[in-house]
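S.K.: So that we are looking at the same thing, I have put the structure below in structure tokens.
Laboratory data are not the source of any read-out in this text; all were calculated from the coordinates shown. Keep in mind that what you see is a predicted model, and the values were worked out from it rather than measured. Ideal geometry is used to build each Cβ from the backbone, glycine not excepted, and the neighbour counts take in all protein chains shown.
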Amino acid sequence: MAANSRCSAAEPAPGLESQRREVECLLRDCELRAGDSWFMVEHRWYTQWKEFVESGDQNSSCPGQIDNGELFEDVVSYHLKDRLVENEDFVLVPAEAWHKLLSWYGLVDQQPPLERKVVDLPSTLKVEVYPVEIFLCLHGNMENVTTAQFSRTDSIQSIQSAICGTFSLPSTCECRLWMKSSDNNCERLRNVHMSVLDACLSSGMTVIMETRNADGTWPSSRPLILRNSVEEQDSYRGQPGVCGLTNLGNTCFMNSALQCLSNTPPLTEYFLQSSYLEELNFSNPLGMKGEIAEAYADVIKQMWSGHHYSVVPRVFKTKVGHFASQFLGYQQHDSQELLSFLLDGLHEDLNRVKNKEYIELRDAEGRPDQEVAEEAWRNHRRRNDSVIVDTFHGLFKSTLICPQCRKVSVTFDPFCYLSIPLPVSKERVMEVFFISLEPYAKPMQHRVVVPKAGKVSDLCLALSEMTNVPDTQMVVADVFKHRFYKIYTPDESLNCILDRDDIFVYECSVQSDQQVLLALYLRERSHYRDYGSVNTTLFGHPLLLSVPRSSCSEEALYQIFLQRLARYVRVPNPSEELEEDDDEEELYKSQTNGISDDDEQEDVARLGPSQSVVCCADGPANDHHQDHAAPSEVQMRPPPPVEGDVHNVCAAKPLSSSDAGPSDGHINARGEESRADVDEENEEAAAAQNDTATEEDCKREEACSPSLPADEQAAKTRACRRKKRLFNIQAVNCNGTEREMGPDVTFNSAQPYVALDWDAETKKRFYNENEAEKYVKHSSMDIPQQQTTVQLQECIQLFTTVETLEEENPWYCPMCKKHQLATKKLDLWSLPEVLIIHLKRFSYTKFTREKLDTIVDFPLRNLDFSGCLLKKKLSNGEPPSRYDLIAVSNHYGGLRDGHYTSYARNKDNGQWYYFDDSKVTYATEEQIMTNAAYVLFYHRQDKMRKPSLSAPSTSSAASTPTSASSTSSPRPSEADAGAASVTPPCADAASAFAELTMETD
Ligand SMILES: [Zn+2]
């Protein structure tokens, strides 16, 4: 038959009518189902076939073999032509219909069948006529490119498998995929479970695969570090894990935390075995889309490759900063805060729970602990399941009791680390300067012990015991920038005083109604002749002194002040005319003491007894310091730094008002805004009226000193005309600027302030700056401050001690239906495999912030919790509760600066090392316990494995990492900034991907 010979089908076709019915039926009943196969048939052939079967004429127009020739670009590649249109160029038939047609008519030789999958695209099901055609290559050889087609629903994993297959790589190799678009942008394909469609891969793009180097780095981002150095060579082989971390500028807190985690065996093994790859959680909104876990894995793989002395954790730092902006900059941070963030970030990135269900928490309501604890743990695990939970999470019991209705609320809460308090000393050591009433005595620095919760009067009492000056004759003041920042009353709390404040304690004569306490400032007036204005600048140390109310004439005050300043202010002799520019040498030769002027001596005689005793001492003022010299004479400025505190006390001051919290007791000065800034404006305003001419002085004095007898006033006026004083007296406010009420020295205000205004020339000649700054140290300064030691177990007991909630943090009692200051008790229920103990060295209260230097005596072995663990196993005894130390994060220095390092024990050889940024040295067990210990890592003994290697011989220099000197005790390096300067430039992405623009990873 002609028809049969033309239609060389595999099996005889049924009658035309049944052909038509069978195919029509299949087409009508078939729905698109994702994953089903459909086939493309050329439209012309299909139409011809339809006419053929519908006409019923077997001999007229048989379509012959299925021929899709028109759909292909050429018959070599059989590439589909672009932009073919359904029902114009081709029709789609379901697989079953295709197979029938194929069996009846066959396919033109060599043509591949055009099988296409139904894909589930967003909001629509579609036959994917054009699959995505992608170029594949390896990072190491980008010349060798092959092509492969993928459906949009294929996973990135299938591309990875295809590349491994094509280039004969083991499918288990650890690799990263990058997609390169036509504009040469490169982007990581991080989530291998993602579909081609979701990854936005489209035809014409290239997927490049790289495999991890033996040293843990990636070919595309291998930092070009220390390449020029002899040390860092590819041939280097060291003990895995014994690897420094380069400081990137104040990143020692991060390095310290990383070293502790790196030496936590279960976590590091999890990453080294690449178990994390299967558990990366890209969709967790609480996580970092797997990026923190990946970046962390990269650091760990490099550190444990044994190929590096030191690793640059730059990508890791960037990722951390990206997700937690508080770590973004290069300021100093807390290693414990970073640990907390990191454990949380790793947990969410690796959380095996993809969809967290909502679980309502139930109170114990009297049920047994065991039941409630198990329920709490079960609920926790239903939402949180990761290597972090497996390793670090424990459970504690928290019991709250309402003080009013006695309602008891018990909850069990998971923890990732224990923050345990250190016993806070009830005493405090303060360093103060004591200013004797005796004008020739230099200020003396004392170290006194006072009750921490004490008052200013307690400070005076303590100082009284050292000085034999009655405490009632002391006034305590905070001196800042040559003025009184605050003058304290005896009732004020010592909490108001920070350790870095410059505290001066002034001896004053017995206070009475007849006496007034004057605050005295020294100012230098500088004339700006061009502008006709006068500026004043405070200098020297302010003074407090009692003066008799009766003798507050300006002249009397002048004499009292002169005597008070006698140690460093030389009194001009009668022949010296202050207005004249006498030769200074001659002046010093001819100088004598005392005040020879009759009028002035009269004034002196009017002074109270306590003032006159010090009047007009013998010899030139400059000689006096010899008589009063104490053992160690030193310059007063700058004051010596307090031990352990590297700040300049004075320079740090402006921060204190904001640091100290809302009510630090410095209300006075802060009420007048920033005390550093106010004076400039005020001084300028005041300056105009401050240009005191001699005559004016005298008139002013007359006006304000009604107590002065008339004849004396006349004498004074004469003196004024004849002789200028060393300084003028000016009533000021506490800032040392003029008071609005004018120059009156009125003592109505509670605390009068006066300034002694000097002109520059007179100050130069008569004010001995060198002498003024001198002070001596009391023997109490030589006694080293004692260091207290507590047992770790005591701190843990403190953690579980009943406490009453504070006002700021009350508990809502469900019975009373209001907030109550309940009592709270924490107990340990169950402990994790690796227990992190954070020692709360940084103590922040409403008034104080301090770092506790207490030595905590913590055991390296056999830390036993059996005594304080509530959970008891019913069948086989107590749960394992003995721990050995595996790592310590150290903090050296004070509150706002300092240096972090760590001690850690290598899991493979059991040796302890000291990690100080890029430096690693051997450590002995004896070195580990110091007052710098800040975060402790303990591993439960039942989970510990014996080291697989023997400990290295620490005396042998051959296996020594870097400059290992096992005998010298490690010391903190001075500052991070110093270490940062050696950071080599790294050019991560620039290396092998030269022709591509890499996403900066
Ligand atoms: Zn209650």
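S.K.: Could you tell me which of rounded, prolate or oblate describes the stretch 89-150, using a ≥ b ≥ c as the square roots of the eigenvalues of the alpha-carbon gyration tensor, with rounded for a/c under 1.5 and, failing that, prolate when a/b is larger than b/c and oblate otherwise?
M.R.: Values: a/c = 3.92, a/b = 1.60, b/c = 2.45.
Judged from the Cα gyration tensor, the stretch 89-150 comes out oblate (a/c at least 1.5, b/c at or above a/b).
S.K.: Sequence-distant or interchain residues sharing an amide H contact under 5 Å with Gly106, placed H: which?
M.R.: Excluding prolines and chain starts, which carry no amide H, the hits are Ala10, Ile66.
S.K.: Rounded, prolate or oblate: which fits the stretch 166-220 when a ≥ b ≥ c are the square roots of the eigenvalues of the alpha-carbon gyration tensor, with rounded for a/c under 1.5 and prolate only if a/b beats b/c? Please list the in-between numbers first.
M.R.: On the way: a/c = 1.92, a/b = 1.60, b/c = 1.20.
It comes out prolate by the Cα gyration axes.
S.K.: If a/c stays under 1.5 just call it rounded; otherwise compare a/b with b/c (prolate if a/b is bigger, oblate if not). Do that for the stretch 315-443, with a ≥ b ≥ c from the square roots of the Cα gyration tensor eigenvalues.
M.R.: Oblate, because a/c is 1.5 or more while a/b does not exceed b/c.
S.K.: Then there's this: What order do you get for Phe480, Phe282, Phe937, Phe915 when you list them from fewest to most C-beta neighbours inside 10 Å?
M.R.: Fewest to most other Cβ atoms nearby, the residues stand as Phe282, Phe480, Phe937, Phe915.
S.K.: What is the dipole size for the stretch 88-176, taken about its Cα centre, with +1 at each Lys and Arg Cβ and -1 at each Asp and Glu Cβ, in debye to the nearest 20?
M.R.: Using only the charged Cβ atoms, the result is roughly 200 debye.
S.K.: Subtract the Cα-Cα distance of Gln751 and Thr789 from 0.36 nm times their separation in residues, and report this length gain in nm to one decimal.
M.R.: Result: 9.2 nm gained on full extension.
S.K.: For Lys81, which lysines qualify as cross-link partners when the Cα separation must be under 30 Å and same-chain residues fewer than eight apart are set aside?
M.R.: Candidates past the 8-residue exclusion: Lys50, Lys100, Lys117, Lys126, Lys180.
S.K.: Which one of Gln404, Asn355, His446 is farthest out on the positive end of the charge dipole of the stretch 336-482, using unit charges on Cβ (Lys, Arg +1; Asp, Glu -1) and the Cα centre as origin?
M.R.: Gln404
S.K.: Could you tell me the relative contact order of the stretch 29-110? Use alpha-carbon pairs under 8 Å, at least six residues apart, and round to a whole percent.
M.R.: That works out to 41 percent.
S.K.: Using alpha carbon coordinates only, what is the Rg to Rh ratio of the stretch 256-351, with Rh defined as the Kirkwood radius?
M.R.: Reported Rg/Rh (Cα atoms, Kirkwood Rh): 0.94.
S.K.: Rank the residues Val372, Val207 as a footprinting-exposure proxy: fewest other Cβ atoms within 10 Å of their Cβ go first.
M.R.: Val372, Val207
S.K.: Listing Leu798, Leu189 from the residue with the fewest other Cβ atoms within 10 Å to the one with the most, what is the order?
M.R.: Leu798, Leu189
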